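Data first, discussion second: the structure below is written as structure tokens.
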Amino acid sequence: MTSAAELSEHRRQLYIKRLRLAALLCLLLLAAALWRLGAGEWDIPAARVAALLNPFLDEASRATPEALVIRSVRLPRFLAAVGTGGLLAVAGAVLQGLLTNPLAEPYTLGIAAGAAFGGALGFFFGSFAVTPMAFAGAMAALWLVSLIAARSGGGAAYIVLAGIITNAILSAGVTFLKAIADDRLSAIVLWLMGSLSGASPLSALSVWGAALILFIPAFIYARQIDAVSLSEGQGALLGIDEKKLRGLLLALSSLATAAAVSFFGIIGFVGLVVPHLMRTFTGPATRPLLIFSFLGGGLLLALADGAAQNLGELPVGVITALIGGPFFCWILMGRRRGA
């Protein structure tokens with residue numbers, strides 16, 4: 001039987017481990033920021049980058065070509081990458097906890113496919129319609145997943161299966177839209193592949209806002225998520241309305257994902273890879289997992305975007321898929337061995 005002293009020592013070691021991981025992720029994010037802001041067709045030294053980011057920089061210095069490149073082009077792109085990666089990773093952590101399934105994330109649940117279908121449909125009405133249609137598509141996908149799950153049994157396992165079905169249906173719908181797109185085809189295809197090359201201060205601010213809209217309620221309800229993640233029905237024994245909790249956080253995850261998809265297309269597997277990796281270091285508790293997932297997701301997407309740019313401006317969704325696909329298989333085989 002574990003003594004109080006052993007439990008206290010375990011908590012102390014876990015705290016130290018989390019503190020070290022937080023310091024490492026922050027240092028890596030800082031290094032990634034200096035790399036992404038300084039490297040490109042026009043290389044700028046790290047010291048000069050830091051000087052040009054000074055908020056009290058005079059007007060003459062702000063008008064220099066170096067300052068314009070960093071402040072107007074590279075900084076919004078880096079912030080968009082961190083915000084989008086963090087958003088998707090937090091959404092994955094929330095969904096995995098709510099549904100007690102390590103394979104749950106916006107991509108596998110069909111939410112991203114719903115936003116992609118809505119956004120692709122929006123191209124037929126004009127670029128102004130892409131964002132609102134992406135939100136509508138994500139919410140419609142969530143409604144369809146909930147309907148299929150309710151008719152099938154209503155449990156968390158059925159939500160994941162319903163998501164896979166919905167993802168297949170909507171992916172076919174996206175293919176149909178591309179087939180009839182005519183002159184809009186190239187714009188739709190480039191958007192769907194996922195890219196941060198067109199990031200602006202507004203889009204970066206929007207994804208950070210969407211990330212906070214999901215992160216804050218998830219952080220507040222973290223204890224309830226912990227209880228629900230133990231097993232199906234465990235939360236009800238503790239007085240938690242599981243259906244209401246799932247409905248709220250699934251809706252917020254869908255809206256946040258739609259914001260990311262509407263601006264930057266489908267960027268898959270971030271919500272699958274990052275929470276799973278962070279959980280091995282931080283433990284299953286939701287609150288620290290949310291924080292570390294945001295940091296890890298932001299770092300992963302910032303590095304993936306840098307790799308995509310250095311490889312000739314490849315879509316960043318291709319890079320994350322190359323990372324996430326084998327990881328997805330590894331999780332599946334691990335679960336099979338543990339069964």
Handout entry: Residue, modelled with the highest pLDDT, within region 6-56, restricted to residues that are among the charged types (D, E, K, R) and either in contact with a Pro (Cβ under 9 Å, 6 or more places away or on another chain) or under 19 Å from LEU277 (Cβ atoms) (or both)
Key = ARG20
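From the list ALA168, ALA211, which one is aliphatic (A, V, I, L, M), modelled with pLDDT of 90 or more, under 21 Å from the mean Cα position of the chain (by Cα) and within 27 Å of LEU295 (Cα to Cα)?
Details: ALA168 fails: within 27 Å of LEU295 (Cα to Cα).
Unique residue meeting the criteria: ALA211.
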Practice task
Would you check which residues across region 292-315 are part of a helix (DSSP H, G or I) and either among the hydrophobic types (A, V, I, L, M, F, W, C) or at positive phi (or both) and list them?
Solution key: PHE292, PHE294, LEU295, LEU299, LEU300, LEU301, ALA302, LEU303, ALA304, ALA307, ALA308
Fill in the blank from the handout: Of (1) at pLDDT 95 or above; (2) touching a Phe, Trp or Tyr at 6+ places or on another chain (Cβ under 9 Å), THR320 fails just (1)
Handout entry: Residue, farthest from LEU300 (Cα to Cα), within region 1-46, restricted to residues that are open to solvent by less than 60 Å² (accessible area, probe 1.4 Å) and part of a loop (DSSP other than H, G, I, E, B)
Key = SER3
Handout entry: Residue among PRO106, PRO102 that alone is open to solvent by less than 10 Å² (accessible area, probe 1.4 Å) and at pLDDT below 90
Key = PRO106
Exercise for the section: Can you give me the number of residues within region 173-207 that are in a helix (DSSP H, G or I) and open to solvent by 60 Å² or more (accessible area, probe 1.4 Å)? Expected result: 13
Problem - LEU79 in contact (Cβ under 8 Å) with a residue 60 or more places away in the chain, closer than 18 Å to PHE292 by Cα and open to solvent by 20 Å² or more (accessible area, probe 1.4 Å) - result: yes
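The values are calculated or read from the model by the stated rules, or taken from the named source; none is laboratory data. This structure is a prediction, so every number in the text was calculated from the model and none was measured. For neighbour counting, all protein chains shown are included, and Cβ atoms are generated from backbone atoms with ideal geometry for every residue, glycine included. In case anyone asks, the SASA skips ligands and DNA or RNA and just uses the protein heavy atoms, side chains included. Shrake-Rupley method; radii C 1.70, N 1.55, O 1.52, S 1.80 Å.
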